[in-house]
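Scroll down for the structure; my scribbles are underneath it.
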């Protein structure tokens with residue numbers, strides 16, 4: 001086990017000598033290749049390097065022995081471990097000519113060492129980095145941007161949720177000489193975190209999606225959230241480009257906080273790239289008219305669900321234009337089915353359709369998902385869970401979602417204590433009480449759905465990541 005779960009990334013052409021040089025400036029003759037870098041000992045295999053990171057519930061130093069037993073050849077540590085392994089002070093030396101495996105490399109702090117290692121590795125390659133941040137829409141933007149850029153360039157993209165102070169450095173260790181572009185999500189929980197990620201990744205294009213009350217409990221105000229997100233555009237070089245949502249006043253104001261060129265996108269004709277005549281075609285996606293300078297493209301089709309997804313398309317198109325792609329390449333990228341989009345429609349029990357949007361939730365993303373549900377045919381069932389970390393906005397945010405759910409949904413199932421506010425507000429705006437279920441767990445919600453589902457039902461499942469509502473989707477897909 002380890003401090004964080006489930007993270008192991010493959011690296012290519014990286015040796016233990018590279019690690020030593022990155023952290024000390026000294027290059028010993030250690031040409032042993034590292035196969036993977038892992039922060040969860042349970043994922044370790046032969047040839048891996050394990051990083052012992054302290055976590056909220058456990059300390060990775062407790063699992064160095066487990067990593068070695070599974071085949072790891074080395075561990076990065078910042079305290080003594082009693083595993084009988086060779087110990088080398090990687091930052092101060094001495095650096096022996098030969099290593100005895102397994103070996104523990106001692107550093108002053110493992111997280112700092114990971115950051116310095118990733119910064120050193122990234123500096124070896126002339127890759128152009130595109131950073132993406134915002135309260136919602138980062139992952140779908142990353143996926144579609146990657147699909148477009150991949151039409152011409154060898155492009156690295158963030159895997160899973162590796163967008164944090166741990167995840168982003170791990171992703172940068174995956175860079176190889178083949179990569180020409182890297183599309184990286186940048187998440188944050190506090191001020192200064194995105195600035196730190198930018199110092200490591202050195203983005204030349206920064207994309208900001210929108211500012212919403214995600215992490216409001218931690219940051220205290222929308223203005224503080226906006227300031228934290230603005231760290232991306234503040235870090236851009238003078239010859240970089242800030243791609244900003246003109247429709248969001250918080251994001252639009254970031255134009256004053258960057259020395260880079262500003263490229264606006266949105267629904268406002270004053271934007272550099274804008275869209276109108278947006279039409280939802282249900283589960284087939286959306287179409288819209290696209291405008292850029294003197295050019296207009298009619299009835300552009302994208303297989304993204306919901307009218308709100310036009311902003312995702314505009315962000316990805318903007319990056320494609322800035323990176324010199326042709327319209328033919330951009331439109332081909334928009335049609336690329338390899339993009340792993342978060343909101344997907346999957347077949348469910350008894351001929352129902354499940355809208356799986358379980359990755360996370362905030363009031364803006366909940367409302368967007370409900371608006372998509374409203375656009376679809378069939379009986380509409382909303383399964384909505386708690387939205388976490390809303391702070392002082394918790395009651396208002398849940399009431400806002402409940403008001404919309406009461407108008408859109410034919411049936412409403414809520415999961416969690418906070419989501420009861422959603423149910424109460426839905427009934428207050430007219431949804432009959434016999435069509436509302438308050439559930440205390442995912443399993444309870446699954447049992448309700450198994451009783452009520454009918455052919456043609458469309459079921460939206462959405463809640464904060466901490467509720468693990470993918471359990472509901474999995475149960476309905478398995479029948």
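Just so it is clear, none of the values below were taken in a lab; they were calculated from the coordinates. The shown structure was predicted, so the numbers you read here are calculated from the model rather than taken from an experiment. Cβ sites come from the backbone with ideal geometry, for glycine too, and all protein chains shown count toward neighbours.
Put the Cα centre of the stretch 238-274 next to the Cα centre of the stretch 390-406 and the gap is 29 Å. Computed from Cα positions, the angle between helix 394-408 and the longest principal axis of the chain comes to roughly 50 degrees. Relative to the current alpha-carbon distance between residue 270 and residue 98, full extension at 0.36 nm per residue lengthens the span by 55.6 nm.
If R0 is taken as 45 Å, the Cβ-Cβ distance between residue 56 and residue 123 corresponds to a FRET efficiency of 0.90. Nearest 10 degrees is fine. How inclined is helix 442-452 to the longest principal axis of the chain, computing both from alpha carbons? For helix 442-452, the angle is close to 30 degrees.
The convex hull built on the alpha-carbon positions of the chain has an orientation-averaged projected area of 23.0 nm². Ordering 181-187, 300-306 by mean Cβ neighbour count within 10 Å, with the highest value first, yields 181-187, 300-306. Taking 0.36 nm per residue of sequence separation and removing the Cα-Cα distance, the residue 221/residue 253 pair yields an extension gain of 9.9 nm. Rounded to the nearest 10 degrees, the angle from helix 138-149 to the longest Cα principal axis of the chain is 80 degrees.
Reported to the nearest whole Å, the Cα centre-to-centre distance from the stretch 1-70 to the stretch 154-227 is 22.
In this simple spin-label approximation, residue 279 and residue 12 carry label points 7 Å from Cα along the Cα→Cβ vector, and these lie 4.3 nm apart.
Would you please state which residues of the stretch 387-405 a label at residue 374 would reach in this model, taking the label point 7 Å out along Cα→Cβ and a backbone N cut-off of under 19 Å? Inside the label zone: 397-405. Annotation for the stretch 452-479 versus the stretch 310-372: alpha-carbon center distance of 19 Å.
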